[in-house]
Amino acid sequence: MAVSRARDRAGAARVTFEAGAITATILLAVALALEPRILPQTWHGLAALTAMALISHAGGQGLLSVALGRLPAVFSSLVMFLEAVATALFGWLILGEALTFVQSLGGALILFGIWIARPRAEASTG
């Protein structure tokens, strides 16, 4: 809801940048308090961290900010549950992780709920 309200006054890129800067500052403080070494120790670790930053944050959160500027906040909040469905599917496809019946049923219910709640075009009267 905060992002939806922020999108009323600012563009998606600015909202994503400011939210990321605030979150990164808070998480840096937590990481420094709990872990003595927070920087990647290998090029592989740095590549993974960079990929997560670009794909998850810039891509995912950026597109979410765009969506919240165009869709009702209530519907957008349901669409955010797609992250869980996508994570489970990618874990199954890429990592070979098993999906239980309950997880599959939960994913199906999320998709059904989004389908039920989707914005519909106004019926034309003519």
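The values are calculated or read from the model by the stated rules, or taken from the named source; none is laboratory data. Computed from a predicted model, the values in this text were never measured in an experiment. Heads up, the Cβs are rebuilt from the backbone with ideal geometry, glycines too, and the neighbour counts pull from every protein chain shown. In case anyone asks, the SASA skips ligands and DNA or RNA and just uses the protein heavy atoms, side chains included. Shrake-Rupley method; radii C 1.70, N 1.55, O 1.52, S 1.80 Å.
Taken together, 53, 58, 31 contain a single residue that is farther than 30 Å from residue 108 by Cα and part of a helix (DSSP H, G or I), which is 31. Looking across the range 55-76, the residues that are open to solvent by less than 60 Å² (accessible area, probe 1.4 Å) and without any contact (Cβ under 8 Å) to a residue 40 or more places away in the chain come down to 59, 60, 67. Hey, any hits in the range 38-54 for a residue that's among the hydrophobic types (A, V, I, L, M, F, W, C), surrounded by 13 or more Cβ atoms within 10 Å (Cβ to Cβ) and closer than 27 Å to residue 4 by Cα? Checked against the condition, which is being among the hydrophobic types (A, V, I, L, M, F, W, C), surrounded by 13 or more Cβ atoms within 10 Å (Cβ to Cβ) and closer than 27 Å to residue 4 by Cα, the range 38-54 yields at least one hit. Within the range 79-120, the set of residues being under 22 Å from residue 63 (Cα atoms) and part of a loop (DSSP other than H, G, I, E, B) comprises 80, 81, 118, 119, 120. Contact annotation: residue pairs with Cβ atoms under 8 Å, 6 or more positions apart or on different chains, pairing a residue in the range 77-105 that is over 23 Å from residue 116 (Cβ atoms) with a partner that is outside any helix (DSSP H, G or I) and open to solvent by 80 Å² or more (accessible area, probe 1.4 Å), are 91/97; 92/98. Quick check on the range 11-37: of everything there that is among the hydrophobic types (A, V, I, L, M, F, W, C) and touching a helix residue (DSSP H, G or I) at 6+ places or on another chain (Cβ under 8 Å), which residue is surrounded by the fewest Cβ atoms within 10 Å (Cβ to Cβ)? The selected residue is 13.
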